[in-house]
Amino acid sequence: MTDVSDLHTSLTFVELTTVHYSAEDPYGLLNAYITLTPLIIAVGAITLFVFRRDLRTAAVFGGLVLSESLNYVLKKSIKEHRPAFFSMYYPYTSLNRYYVEMLSYLFLQYNININDELRKQSYGMPSSHSQFMFFFATLMTLFLIRRRIKICQYLRSVIIIFLYFLAIMVAYSRYHLYYHTAKQVIFGSIVGMILAPIYFCLVEFIFVPHIFPLLINSSIGRYFYLRDTSSIENLMEFEYNNAMRETQKKTKKTK
């Protein structure tokens, strides 16, 4: 049986879905939910591809994986720790004092160094959440500007503004919840915005004309009904017309 003094070494958590915040922070819960946005987007992209089998959706998800992979390499290369509560980055406010006193009391019971404990999970430079969101926002903006997603101009502008607003909110949530310093958040955002145009060119000039046709016409592509709908002017109208046409055919056969 595990000794109580060894609980901090025998127990761990899934960092992907675990968000810590202070119960005294009036905005803690809101920022905790906001910071989970990248996970929601990733799951949404996978779900959309499974049900639609569109290769452009798969390319978007592939870009998110590429962004996360690059972030992992940068973190392991730069090796800059996440902020600790005794760090000079934060003023000694009442909220910080609550965190420090609570964790210090628990950690000192087992002779754990609070700064080491808070830093040990992973490095913080650059912020993966900030990089993820600004990569996604910039990539989708480029698709919208190049009219790869057919919507009216007004709605296009609203979506672009919302995407960057959401990216900013997620980046701020990482700073607000003390997972990253301002420098780590800003650097991650910049990396995401730089990587997105590069990946967009890769999709438009390599994947679409050369890779997608090979996948679609392969035996695997035909078996899984893979397709590329980027050449269809109005996908919603196209699918609606086809659905109505098939419905009308079946209606005539039953008469």
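The values are calculated or read from the model by the stated rules, or taken from the named source; none is laboratory data. Since the model is a prediction, treat every value here as computed from it, not as a measurement. Note that each Cβ is placed from the backbone with ideal geometry, even for glycine, and that neighbours are counted across all protein chains shown. Areas reflect the complete protein model, heavy atoms only, side chains present, ligands, DNA and RNA absent. Shrake-Rupley method; radii C 1.70, N 1.55, O 1.52, S 1.80 Å.
Some points to look at:
- Convex hull of Cα atoms in the stretch 166-255, direction-averaged projection (nm²): 10.5 nm²
- Gap separating the Cα centres of the stretch 167-196 and the stretch 203-243, nearest whole Å: 34 Å
- Protection proxy ranking, peptides 202-213, 184-195, 50-61, average beta carbon neighbours within 10 Å, highest first: 184-195, 50-61, 202-213
- Accessible area of the stretch 209-253 belonging to carbon and sulfur atoms, whole % at 1.4 Å probe: 61 percent
- Net charge dipole size for the stretch 149-246 [Lys, Arg +1 and Asp, Glu -1 on Cβ; Debye, nearest 20]: 340 debye
- Across the stretch 130-255, C-alpha contacts under 8 Å between residues 6 or more apart give a mean separation that, scaled by the residue count, equals a relative contact order of 33 percent.
- Per residue, the stretch 128-246 exposes 57 Å² of accessible surface when a 1.4 Å probe is rolled over the protein heavy atoms with every protein chain present.
- Signed unit charges on C-beta, dipole axis of the stretch 27-86, positive-most listed residue Ala42, Leu30, Val65: Val65
- Farthest toward the positive end of the dipole of the stretch 158-255, out of Thr251, Leu195, His176, is the Cα of Thr251, where the dipole comes from beta carbon charges about the Cα centre.
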